[in-house]
Structures are given as structure tokens and as C-alpha cells.
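The values are calculated or read from the model by the stated rules, or taken from the named source; none is laboratory data. On a predicted model such as this, the values are computed, not experimentally measured, just so you know. Because the Cβ atoms are built from the backbone with ideal geometry, glycine has one as well, and the counts that use them run over all protein chains shown.
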């Protein structure tokens with residue numbers, strides 16, 4: 001990322017971004033207080049903001065009806081849609097700013113949106129009913145009893161494969177609310193996060209959903225790096241790379257693998273949960289190319305990973321890949337429901353900077369470096385980032401632009417040494433970490449053995 005690009009990127013936000021976020025914040029505050037107690041003036045600005053859009057009539061009607069105390073699923077859908085549209089507009093403005101600064105070409109979201117998915121209407125209605133109760137009551141009024149009422153519908157929805165995304169979202173929201181109950185005693189609420197979860201769930205719980213279209217692709221996948229999303233009960237490895245296919249420009253793509261876990265599995269032991277993906281893990285740890293055959297590629301730029309359709313190739317330096325191919329790689333379109341500032345994570349290469357504390361400075365421009373996202377399952381540390389001379393990172397926005405490192409180059413005995421978040425995908429290579437892991441024991445093996453005992457009883 002050149003200094004001129006960084007200067008363009010760190011310029012003032014696109015016009016309207018602060019105002020759109022303020023409007024979305026008013027919806028979040030209404031959800032916190034409860035729609036049964038909302039002031040009629042809360043949604044005045046929201047209705048005015050959509051006066052020139054196709055949502056004008058629906059948002060205006062929803063604002064009037066909610067203020068009057070007549071709250072239906074249709075009105076809540078309009079409210080969730082309006083809130084999501086505000087964040088979508090902010091996302092589009094910020095992503096356009098980033099693409100312009102990076103000179104990145106991006107595909108348009110296709111008119112085709114996949115095939116209709118017939119889903120269990122009773123499960124969708126039950127999900128909407130619980131979401132409606134949450135909105136009417138408000139986060140501050142949520143207690144254990146209200147959270148518990150969702151248990152049966154969540155269990156039934158989890159058993160329906162076509163509704164797995166909605167079910168997982170509802171399950172996670174219920175778990176967070178349960179852990180925080182009674183919420184009335186909390187000093188500070190995660191209003192935006194819970195508003196995001198509620199809005200997304202309300203949109204997913206509508207009839208007539210559509211499955212995302214996919215096309216089989218074959219070619220060479222060159223890896224740039226990976227982001228590890230780790231929670232107490234689940235972990236996901238999201239790999240960013242560039243796909244080369246015959247007769248087409250290189251494309252920025254992602255692929256993800258996920259696994260359930262317990263909170264005792266931490267650090268390098270996390271990689272043991274992905275033993276079923278040896279080809280992908282080997283390529284990450286040893287920095288190899290991957291030859292893929294008929295691997296499904298979604299319109300969102302996500303490859304549906306299958307080790308059976310991939311074969312490891314020769315080594316490829318991710319920093320060389322980033323220097324040569326990243327500037328001309330075509331970025332994928334963003335799905336409508338994914339248009340949110342928190343979703344932005346654009347791979348970039350930064351070189352020739354001065355690392356100072358939590359920033360990288362190029363000339364008179366500086367960008368914040370977010371080392372809080374560095375995973376504990378890899379060797380990349382804040383100290384290595386601070387000593388680095390080149391970085392492959394993910395460009396993110398959270399009230400301002402920042403860079404999340406996934407790989408860095410440092411000088412060791414006058415030789416450049418690369419460190420990636422995935423270097424321990426086949427096991428730790430640091431003798432101290434190996435010794436500590438041996439002393440602590442293999443948590444994954446112990447838990448599997450205990451699970452086997454329970455199943456044999």
C-alpha cells in the first residue's frame with residue numbers, strides 16, 4: 001500500500017457516514033428500551049432518511065404503527081430492513097473509498113440470486129415470534145424466562161439443515177442474553193452487536209429465502225494468509241488467497257473451515273480440530289500452492305472447501321504473491337446481507353513503513369494496527385509486528401481504518417524471516433511451545449477419549 005494510497009484511504013469518511021450511523025444508533029437505542037415504550041419522535045429521522053428510496057412507504061408505515069403500539073412482523077421486518085440498509089450504505093461508501101485508494105476492481109452482485117429454498121414455515125414463524133417479543137420488551141427488560149422460551153424453537157430449527165444459519169444465529173444470541181441476564185443490572189449494553197444479531201435474524205426468518213448460486217472452478221490457488229475466528233464453543237479458519245483460472249484475471253477469494261470446540265481447547269491445540277483437512281493445513285503451514293478441481297465458488301467469492309478436490313503444489317511465497325498478483329486481482333461482490341462495515345476485511349500488502357507502537361507510518365500518513373486480533377494458536381505476536389518491515393494484513397473499519405496483520409517480514413541476522421498466523425497448522429515449531437504443550441497434555445485427545453467412553457455406554 002503506497003503512501004499516496006494510504007493518504008486517500010485515511011481522508012475524511014464518505015459523506016453521510018456519521019449521519020447514517022447516528023440513525024442506526026437511534027434504532028439500537030429503541031431496541032434497548034423496548035418498542036412498547038418507544039417515543040414517537042425516535043423514528044422521525046429514520047422515515048425521513050428513506051423518503052427517496054423504495055422503502056419509503058414501508059418504513060414510514062412501520063414508524064407510525066410502532067409509535068402507536070401496533071407492532072406486527074411486517075413492521076419489524078421494515079425496521080430491520082431499514083437498519084440493515086443504513087449499515088449497507090455505510091459499507092458501500094467505505095468499500096468504494098478503499099477500492100479507489102487501492103485501485104482495486106470489484107465485481108457487481110449478479111442479478112441471479114440462486115434458487116428458492118422451501119423452508120419450514122412454522123419454524124420461521126416461531127423464530128419471528130421470539131424476536132418480536134425481544135423487540136417489544138427491549139434488551140433492558142430481557143430476563144432468564146424470556147430467553148428460555150426460545151429453547152424449543154431453537155432446538156427444532158437447529159435440526160433443519162436449510163435453516164442452519166438462522167438457527168446458529170438465534171442460538172448464539174440466546175446464549176449471550178442468558179449469560180448477561182438480568183440485563184437490567186448491566187452498566188453498558190452491546191447495543192450495536194445485539195442490534196446486528198436481531199436485524200440479521202429477522203431478515204433470515206422470512207419466508208421465501210434463496211440459496212446462493214455456485215459455479216465449479218478449477219485452477220491454482222495461491223494463499224495470502226488466514227484469519228482465525230475463535231470463540232469458546234467454535235473456531236473458524238478463514239483463508240484469503242488469489243485464484244488463477246485459465247483465460248480469466250486473477251480473483252481474490254476466501255475459503256473457510258470450522259469446527260466445534262470447548263473453552264479448554266486453546267492455543268496451538270486448536271489446529272488439532274481440523275485434522276480432517278490435511279491438504280489445506282499442509283498448504284498453510286508449508287506455504288504451498290493448491291491445485292483445485294471443480295471446487296464450488298459462490299458469488300460472494302467464497303470457495304466451498306473440500307480436501308478431496310484439492311492437491312498441494314509447489315511452494316509459493318505469500319509476500320511475492322501479494323506483490324505480483326494482489327494489485328491486479330479482481331475482488332468479489334458483497335452479498336446483500338453481508339453489507340456491513342464490520343464485514344470489511346480486504347487483503348493488502350504494506351511495505352517500507354516505520355512501526356511505532358500501534359501504528360504503521362509511511363511518510364506523513366499513519367494507520368492503526370490491530371494486534372488484539374492475533375490468534376493464540378500461531379507464532380505471530382505484537383512484538384514481531386512492531387519489529388516488522390513488511391506486512392500482509394486485512395484492512396478493516398471500526399470507526400476508522402485499521403490493519404489486522406496475518407503475516408509479517410522481520411530481519412533476523414540480516415536475513416528476512418516471514419511469520420504467519422498459520423505457521424503452526426501442522427503443530428508448533430517453537431521448542432518452548434512444544435515443551436509447554438507436552439506438559440499440559442493433549443486436551444483434544446483426552447476429550448475425544450472421554451466422548452468415546454460415553455458413546456460406548
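Brief remarks follow.
- Residue satisfying condition, being crowded, with 16+ Cβ neighbours inside 10 Å and in the same structural domain as residue 242 (by TED's automatic domain parsing), within set 349, 290: 290
- For residue 57, the requirement of being free of Cβ contacts under 8 Å to residues at least 40 places away in the same chain, under 27 Å from the mean Cα position of the chain (by Cα) and assigned by TED's automatic domain parsing to the domain that holds residue 126 is not met.
- The set of residues from region 250-265 being modelled with pLDDT under 95, in contact with a helix residue (DSSP H, G or I) (Cβ under 8 Å, 6 or more places away or on another chain) and part of a loop (DSSP other than H, G, I, E, B) comprises 261, 262, 264, 265.
- Test: residue in region 149-160 that is more than 23 Å from the chain's Cα centre (by Cα) and buried (at least 19 other Cβ atoms within 10 Å of the Cβ): yes
- Evaluating residue 297 against the criteria (1) over 25 Å from residue 370 (Cβ atoms); (2) in contact with a helix residue (DSSP H, G or I) (Cβ under 8 Å, 6 or more places away or on another chain); (3) buried (at least 20 other Cβ atoms within 10 Å of the Cβ) leaves one unmet condition, (2).
- Test: residue in region 48-57 that is out of contact with any strand residue (DSSP E or B) (no Cβ under 8 Å at 6 or more places or on another chain) and either buried (at least 19 other Cβ atoms within 10 Å of the Cβ) or modelled with pLDDT of 95 or more (or both): yes
- Of the residues examined, residue 95 is not one that is surrounded by 15 or more Cβ atoms within 10 Å (Cβ to Cβ) and in contact with a helix residue (DSSP H, G or I) (Cβ under 7 Å, 6 or more places away or on another chain).
- Matching option when the condition is under 23 Å from residue 388 (Cβ atoms), at pLDDT 95 or above and crowded, with 16+ Cβ neighbours inside 10 Å, among 331, 322, 355, 310: 322
- Unique residue being modelled with pLDDT under 90 and either within 26 Å of the chain's Cα centre (by Cα) or not assigned by TED's automatic domain parsing to the domain that holds residue 298 (or both) when the list is 81, 121, 138: 121
- Per-region count, region 391-435, residues on the phi > 0 side of the Ramachandran plot and surrounded by 19 or more Cβ atoms within 10 Å (Cβ to Cβ): 0
- Number of the condition not met by residue 152 [criteria: (1) in a helix (DSSP H, G or I); (2) over 27 Å from residue 24 (Cα atoms); (3) in contact with a strand residue (DSSP E or B) (Cβ under 8 Å, 6 or more places away or on another chain)]: (3)
- Tally, over region 334-346, of residues that are out of contact with any helix residue (DSSP H, G or I) (no Cβ under 6 Å at 6 or more places or on another chain) and either over 23 Å from residue 385 (Cβ atoms) or loosely packed, with under 15 Cβ neighbours inside 10 Å (or both): 7
- Restricting the first member to region 6-18 and to residues that are in contact (Cβ under 8 Å) with a residue 24 or more places away in the chain, and the second to residues that are outside any helix (DSSP H, G or I), the beta-carbon pairs closer than 7 Å and six or more apart or on different chains are 6/362; 6/365; 6/367; 7/365; 9/401; 10/365; 10/367; 10/401.
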